[in-house]
Amino acid sequence: MNVLLWVLQGALALLYLAGGSYKVFKFDELANYMRALSRGGWRALGALEMLGAVLLVVPTAAKWMPILTPLAAAALALETLALGGLYARYSLKLAATNPMVWAVVMGLLSAFVAFGRYA
């Protein structure tokens, strides 16, 4: 179980780091596609995702305040599932190109990591 959690944490950290940096640095494309959030909103979500990506791996790996890992995973799960709801307002199509599908899957995996590291 520990190995599975580490693999999920690493994969989620890379995905959240990539998604967060896209939201921070390429927010003009997002703002044109989805007008539900302002530029500052997209930047704040991106910064939260990038911080959460670091906190998914570093505290547990360094054995320094490992309680931050399940807290970060839970915060990312809530943020991503809420973002999935926002994406659902624009498209409910179940396809791999729809960001709603990715957001829901990543949110559920983050919730699994939060539960696995907290328990």
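The values are calculated or read from the model by the stated rules, or taken from the named source; none is laboratory data. Everything numeric in this text was worked out from a predicted model, so none of it was measured. Cβ placement follows ideal geometry from the backbone for every residue including glycine, while neighbour counts extend to all protein chains displayed. Each accessible area value is taken on the protein alone, full model and side chains, heavy atoms only, with ligands, DNA and RNA left out. Shrake-Rupley method; radii C 1.70, N 1.55, O 1.52, S 1.80 Å.
Quick test for you: out of V24, V105, pick the one residue that is surrounded by 15 or more Cβ atoms within 10 Å (Cβ to Cβ), modelled with pLDDT under 95 and not aromatic (F, W, Y).
V24
Residues checked against (1) within 18 Å of the chain's Cα centre (by Cα); (2) open to solvent by less than 70 Å² (accessible area, probe 1.4 Å):
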{"position": "D28", "(1), (2)": "no, no"}
{"position": "Y33", "(1), (2)": "no, no"}
{"position": "A36", "(1), (2)": "no, yes"}
{"position": "A47", "(1), (2)": "yes, yes"}
{"position": "V57", "(1), (2)": "yes, yes"}
{"position": "A61", "(1), (2)": "no, yes"}
Would you please name the residue that is most open to solvent (accessible area, probe 1.4 Å), looking only at residues in segment 89-102 that are without any contact (Cβ under 8 Å) to a residue 12 or more places away in the chain and not hydroxyl-bearing (S, T, Y)?
-> L94
Select, from L81, L55, L76, L86, the only residue that is in contact (Cβ under 8 Å) with a residue 60 or more places away in the chain and either of a type in the set (G, A, S) or in a helix (DSSP H, G or I) (or both).
-> L76
Of all residues in segment 32-63, count the ones that are farther than 19 Å from A18 by Cβ and of a type in the set (V, I, T).
-> 1
